[in-house]
Structure formats: C-alpha cells, structure tokens
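In what follows, a single structure is set out as structure tokens and then discussed.
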Amino acid sequence: MRPPRVPTPHSTRADPAASAEASASLENLGHQASRGVLVTMGGTWSKALLQTVSTIVLARLLDPADFGLIAMIMAIVGIADLVRDFGMTGAIIQAKRLNDRTWSSVLWLSAAVGVLGTVLIALCAPLIAAIYNEQQLVLLSIAVAPTLLINGLAMPLQAKVQRDLKFGVLARIDVLSMALGVGLSIAAALAGWGVWSLVVFTGAASVYRLIALWSAARPHWGRPHVDREVIPLLTTGGSIFGVQLLNYLARNVDNVVIGRQLGADVLGQYSRAYALFMLPLQQLNGPLGRVALPVLSRLQDDGPRYRRYIRAALMVIAYLTLPAFAIAAALAQPLVLLLLGPQWDETAAIFALLTIAGVAQAIGNVQGWIYISLGRAHRQLVYYLVSRPIIIGSFFVGLWWNGVNGLALAYGTASLAVLVPGFAWAIRGTFVTGRDVVLPVLRPAALVPFAFAAALATTLLALPPVLHVLAGGLAGLVPLGLAMAIPAYRRDLAQIVDFVKQTRKPSAPEGQAATVDATDTTHTDPNPPARPMERGTP
C-alpha cells in the first residue's frame, strides 16, 4: 500500500474571496523567498570576503597551533551551545503561531539555560585542558564560556526576526558583526596577542550581534516565568536537538580526535583546511537554508509549490557548489599557498580530500529542510541515529589508516555513502518524489569530472600561485560554458535566471496572481542552527 501523503488544503470547498486572498499571499511569499535568498546571499558573500581577508591576514600573523587551540575548545563548547539551544530555534521557526506569553517564556528559559551553560563550561575548564593535555585551555575556556549566555539571549531574537522573514535585517547584522570581529581580531594579532586575538573575534562578534538583534526584535520579557505553552516547542525542539547533536558530533569529533592524538599544530592545519572547505557551503547553503526553512514551513500544506521550491533550491546548490568544489580540489596547492602562505603546506592535501565531503554536504543539507518544515524532526532523529555513528566511526578508521589525510578521505567517503539512503528516508510518505531530488542534481553532477580535469591541467604550467588560481578557475568554467550548447543545460540556466528575476517583480496585488511563481522551476521544463564560533571562522 502506498504510504499516506502529507495533507493538502484542496479537500474542502473554499470561499472564492478567501481563495483569492490565499493565492495572493502565497505569490507574495514566493516573491519574499526569492528576494530573501539574494539578500541573504549578498550578506553571506560580504561575510565571505571579510572571512577571506581574516584568513589571509591571521594565517600570516598566528601559528597553526593557535588555531588548533581554539578548535580544541570550540569542539566542546559547541556541544554545550547545542544543549543550550535544544533545537528551539528550529521549533520556533516551524511553529504555525506563537502568542506573546509563549515568546516571553522562551526568552526567560533561553536566558536561564545560557547562564547555566556559562557556569558549567567555566567550572569544567580544567577538565577540558586535561582532555587535550594543554594547560593553556583553562583560561581560554573560561574566556569563551560567556558566549553561551550571549547566544542564549540572542537565540529567540534571531528566530523571531527570521520567522518574520526580515532577511535584510539579518544579513546586515551578520555582515557588521563579522566586520567588527575581524577588525578587532586582526588588531589584536598585530599587537601580539597570539591565540587571544581569536577569542577577541568570538566575543566582539557575539556581543554586537546580540545588541543588534535586540534592537531589531524589541523583545517584551514580562515577569520571569516559563509556562506550559513552551512544552510543544520543547517536544519538537528535543527531536531537532537530537539531530543537531548527532550532526555536530559527526562534524566535530574529528577535531577532538586529531587534537588528542596528533596535537594542536596538526589540528591547526586541519582546521584551516576545514575553514576553506566550508566557504562554498557557507556562501550558498547558508543563505538558502535561512530563507528556505521559514518559507517551506509556510508551504507545508501546498504540495506542488513545496516541490517546486525544493527542485529550485537543489538546482541552484548543485550548479554552484559541485563545480566549485571540483575546481577547488584541483587547485588545492596553489590556492592554499596564495591564501595562507608557505607555513600551511600540509593543509593543501587535507583540503582537497575534504571537498568530497563538501559535495555530500552541499546536497544533503536539503534533507534537513524537508524534515523540519514538514514537522518530521522525530523521523530525522531516527535516521541520524543510524547515519551519524557511521561518519563518526570513519574518523577513527581514517586516522588509524593514514593519519589526518586518511581521516579526511574516510569522512568524505562515509558522507557520500549515507546521502542517497538519507534522501529516500526523508521523502518517504511525503508529496516530495525521488525525481524532485535526483533530476535537479544529475546534469550539474555530470560536469564535475570535466571541471576538475580542466582546472588540474593548468597546474602543469610554471606560474605563480595567483596566476595558477586564476587560470585554473577559468579553465574549470570552460566545461560549464560548453554545456550551454546542450538544450537541457540552457533550460536549467533559464530556470535559475527566472528565479533571480523574481526579486525585481513587485508582489501581486491582493486577489491577483503574479505572472510567474518565484518558486516555480517547471514553466520552462516540464520534467525538472547561532553557535559560539562556527567551524570555518575566523
């Protein structure tokens, strides 16, 4: 028997005026979605520029061990921050409606948990130092601990702004907080502060972000209380938290294993490779995810529009990230030499191997949107209980086999191995089909080996690093240009361009449909979580 589908609103007779109003509302949502993607993407690209400047400058001012020490701390503090959030950010965004009393309860609960987390990390600082056998981590852990309180205060504020689809506000806050953190951390490094300049980055960016979100959300706290109204959020958040915890472990146990077994210097090399590997994901999947979750949550009762949005998102992700990872892997040596300098030579091989995991993560992030937006966080938790131990196990197998390079390769292989079963489990019993997931990815994936080979061929030339990167990047784009001679690829390009054009079209007047749905990718082709410091920064 075919599994039950998620219900759609077409089973009852609707009043014509109400239907027209709903249609106009959905068209306006599509317009907000497409604008939100570009506004958020613009902010993220601005952050990427700042992050690249920070990476280039700090890599020349600090030692690899300095980055390794911070990576050691954040691998553990990040777990505490996940517990502090407990999936509430996703639960708030996904909830259909929240009253003022529930908002007030969430504010007080989040603040209280933030205080508790800060105290616990400070008390556990000697234990963190003992785990890695690095006494410097005692004071560093105490200094980083208050970010848990800051994030606890900021979490419900960010969720509210994001829920209200104020993507321009969030983009502006992200860019300014990054700019402040980067500027102060570089100044501290120039002043000789060493590893403490990285702590300055974390603290300055977090404090500014809290102040800006407070100004944007204007919270009304009321008297201290936590009422029963938060129980449904905690129930949903608990499942989201379980997923986030397993996912966090799958992406951060490598830091603990490398730091414990190989030391801060090797971990520093690995952390910079990871930072470079995360750049394409952060610049595209980050903005798309921030916009997609609230938009898909609002479309959860409209199957056709929901499916079109999923197809559009997958197509954009695949065309922009898959060739980017292929070209970056081919140019790993000159790219690392250009960005980080000669003392980071071991980072190049690690980075090239990590791009395999990047391919899986770029596409796999869409699974989370489907689970959370359709209220299926419990199902996602079941899947992660199976898949994430496989990835975590790959860290130990890879490290045992061939050190840090073996770990990076095993990580990528395991990530690819769980990708297809993950999508099959995510869409089962929903209106999303396998064609919705597979078809948007096939054509861009076919270009990956050609882009890699073209970029790799340029490394045979005797060129300085900057010219190597430029020549290799242009060569890697040649197969994409040649593919435009094929009608199917031209249709894909037209669909992406149409999606972008929606940002210039005003939303339809009430009762009047817009000419093109912003989430529609079929009109030209009938078959088409805030943590103390994200990995990859500063």
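No lab work stands behind these numbers, since they all come straight from the coordinates. Because the structure is predicted, anything quoted here is derived from the model rather than measured. When we count neighbours, we look across all protein chains shown, and the Cβ atoms used for this are built from the backbone with ideal geometry, even at glycine.
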If you take the beta carbon distance between Leu467 and Val497 as r and set R0 to 35 Å, what does 1/(1 + (r/R0)^6) give as a FRET efficiency, to the nearest 0.05?
0.65
Size of the range 30-504 along its principal axes in angstrom, Cα-based, largest extent first?
68, 57, 41
Separation in nanometres of the label points that stand 7 Å from Cα toward Cβ, at Gln261 and Leu416:
2.2
Rounded to 0.05, the calculated FRET efficiency for the beta carbons of Val53 and Trp214 at R₀ = 35 Å is 0.80
Gained length - Leu139 relative to Ala457, 0.36 nm times residue gap less alpha-carbon distance
109.7 nm
When the Cα centres of the range 235-294 and the range 157-203 are compared, how far apart do they sit, in Å?
18
Grab the beta carbon distance between Trp45 and Thr433, set R0 = 41 Å, and tell me the FRET efficiency rounded to 0.05.
0.80
Counting every C-alpha pair in the range 394-482, the percent lying more than 23 Å apart is 54
Which value, in debye to the nearest 20, describes the size of the charge dipole of the range 109-250 about its Cα centre when Lys and Arg Cβ atoms bear +1, Asp and Glu Cβ atoms bear -1, and nothing else is charged?
400
Pull out the extension gain between Val119 and Ala191, defined as 0.36 nm times the separation in residues minus the alpha carbon to alpha carbon distance; nm, one decimal.
22.9 nm
Starting from 0.36 nm per residue, how many nanometres of slack lie between Ala112 and Ala130 once their C-alpha separation is accounted for?
3.7 nm
Taking the highest mean first, how do the peptides 379-388, 214-223 order by number of other beta carbon atoms within 10 angstrom per residue?
379-388, 214-223
